[in-house]
Amino acid sequence: MAKLAASSKCFKCGKPAAISLNYMQQDLCQSHFTEMFESRVKRTAREYRMLRKGEKIAVALSGGKDSCVMLHMLHGISKSLPIKLFAITIDEGIAGYRCRTLHVAKRECRMLKVPLKVISFHKEFGKTLDSLLKKKGVERSCSFCGVMRRYLLNKFARKMKADKIAIGHNSDDVAQTVMMNLMRNEPERLGRFGPLSGAIEDELFITRIKPLFLTPERDIAAYAIMKGIEIEFSECPYARHAFRQYVREMLNKAEEKYPATKLRIVRAFLAQQKLMQDGVRMRRGKEKILRCKSCGEPCSREVCSLCTMLERS
Amino acid sequence: MEITVDGRKVRIRSASTVADLLGALKLNPEETLVKVNGKLAPGGKRISPKDSVRVMRVIFGG
Ligand SMILES: [Zn+2]
């Protein structure tokens, strides 16, 4: 196992450290950590041209640590770059879990004076995730929920005339997604995945941006604690059924033994993505974005995944 | 010494540093943050039975 130089002093200033960052083999004090954290998020946003002056950004706010920290970061950026923020929270209807994170989402928006729109599965689809999974079984809960959430976020962000949707995916999520795609042999899906939304352009699709794309999940938790952003570290009750959970544990075990593994997966993906996107672009001449026959939303087949899933066609 | 893990009290044989403690608890440093006397602490931070130590597992889905 890699033994790390744990000096417990800040690598930059020599004051008592607050955190060990094994992936960069550094211990940092609170102020040097938060400085590094903020400049990394800003650099990611700049590098991928996520934000432009005057844009209206819909922040996908679950009330978990990632989206709350993202909201704080975007709010900070909006002081120097004029962008307009509003938040969308999706209430999937998960008893005993969502009401707590919903409370956090409302509190953070009130504090930062960011308008919030809450949209529920129950109102939009006529069923909660809980009731849907009773029928469909919990094994694929996260894919169902993901399809439904993406659908509503896109639709409502468009309705509210947003230019972009900001998603709180961190670099751990990215490494997991890349690994899951490899393990399931679904390479074409990665063509649409990235820090700035996919290769497909269509006027009904709102561009998705991921300012935390290069930020590790543990750093986000530490930043939230240091900044006094009160977040519950709770887990969605369905998450343990997911394949993602398995991959997360696998990658964290690898990370413990070989620090920086997860970020290297993300970097490798970014390097390969350009090539993959060229492939998608070549195909795109032949492929057309269709409109779902059942609901009219953009999709690549006659009936979109959501309507197929809910058997609405 | 007595410490807190996710709000629950746990007794362990003494550990000399935060990293030692996580090893004794079989917790992955990649999934945890540790507060010593109310402040976040790095792996090399020395601890003693007098300290108040709180281990938080912070990596969760959703
Ligand atoms: Zn420092």
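The values are calculated or read from the model by the stated rules, or taken from the named source; none is laboratory data. In this text the structure is predicted, and so the values were computed from the model without any measurement. We place every Cβ from the backbone using ideal geometry, glycine too, and count neighbours over all the protein chains shown. In case anyone asks, the SASA skips ligands and DNA or RNA and just uses the protein heavy atoms, side chains included. Shrake-Rupley method; radii C 1.70, N 1.55, O 1.52, S 1.80 Å.
Contact annotation: residue pairs with Cβ atoms under 8 Å, 6 or more positions apart or on different chains, pairing a residue in segment A:26-38 that is among the charged types (D, E, K, R) with a partner that is open to solvent by less than 30 Å² (accessible area, probe 1.4 Å) and near the ligand (Cβ under 8 Å from one of its atoms), are A:Asp27/A:Cys10; A:Asp27/A:Ala17. Identification of strands (runs of 3 or more DSSP E) wholly contained in segment B:1-55 with 2 or more residues that are of a type outside the set (Phe, Trp, Tyr) and at pLDDT 95 or above yields B:32-36. Looking across segment A:106-148, just one residue is farther than 30 Å from A:Gly228 by Cα, touching a strand residue (DSSP E or B) at 6+ places or on another chain (Cβ under 9 Å) and among the aliphatic types (A, V, I, L, M), and that is A:Met148. Anything in segment A:211-240 that is within 21 Å of A:Arg110 (Cα to Cα) and free of Cβ contacts under 8 Å to residues at least 24 places away in the same chain? List them, or say none. Within segment A:211-240, A:Ile225, A:Gly228 meet the criteria. Report yes if A:Phe243 is modelled with pLDDT of 85 or more, under 26 Å from A:Cys299 (Cβ atoms) and more than 14 Å from chain B (Cβ to nearest Cβ), otherwise no. No; evaluated as a whole, the condition is false for this residue. Residues in segment A:246-261 that are open to solvent by 30 Å² or more (accessible area, probe 1.4 Å) and at the interface with another protein chain (Cβ under 8 Å from one of its Cβ atoms) were compared, and the one that is nearest to A:Thr177 (Cα to Cα) is A:Lys253. Selection of strands (runs of 3 or more DSSP E) fully inside segment A:9-66 by the criterion of at least 1 residues being within 12 Å of the ligand (Cβ to nearest atom) returns A:19-21, A:26-28.
Here A:Val303 fulfils each of the conditions (1) at pLDDT below 90; (2) out of contact with any helix residue (DSSP H, G or I) (no Cβ under 9 Å at 6 or more places or on another chain); (3) hydrophobic (A, V, I, L, M, F, W, C) apart from (1). Among the conditions (1) more than 12 Å from chain B (Cβ to nearest Cβ); (2) among the polar types (S, T, N, Q); (3) open to solvent by less than 60 Å² (accessible area, probe 1.4 Å), the only one that A:Ser8 does not satisfy is (1). All told, B:Arg46 falls short of being more than 12 Å from chain A (Cβ to nearest Cβ) and either more than 24 Å from A:Phe11 (Cα to Cα) or out of contact with any Lys or Arg (no Cβ under 8 Å at 6 or more places or on another chain) (or both). Does B:Lys35 meet the test of being under 9 Å from the mean Cα position of the chain (by Cα), open to solvent by 20 Å² or more (accessible area, probe 1.4 Å) and within 11 Å of chain A (Cβ to nearest Cβ)? Here the answer is yes, as B:Lys35 does meet what is asked. Does A:Leu81 count as away from the ligand (no atom under 16 Å from the Cβ), over 19 Å from A:Ala221 (Cβ atoms), open to solvent by 30 Å² or more (accessible area, probe 1.4 Å) and away from chain B (no Cβ under 13 Å)? For A:Leu81, the condition - away from the ligand (no atom under 16 Å from the Cβ), over 19 Å from A:Ala221 (Cβ atoms), open to solvent by 30 Å² or more (accessible area, probe 1.4 Å) and away from chain B (no Cβ under 13 Å) - is met. Evaluating A:Ser197 against the criteria (1) open to solvent by 10 Å² or more (accessible area, probe 1.4 Å); (2) in contact (Cβ under 8 Å) with a residue 40 or more places away in the chain; (3) in contact with a Lys or Arg (Cβ under 9 Å, 6 or more places away or on another chain) leaves one unmet condition, (2).
Restricted to segment A:169-183, and to residues there that are open to solvent by 10 Å² or more (accessible area, probe 1.4 Å) and not hydrophobic (A, V, I, L, M, F, W, C), the residue that is farthest from the chain's Cα centre (by Cα) is A:Asn181.
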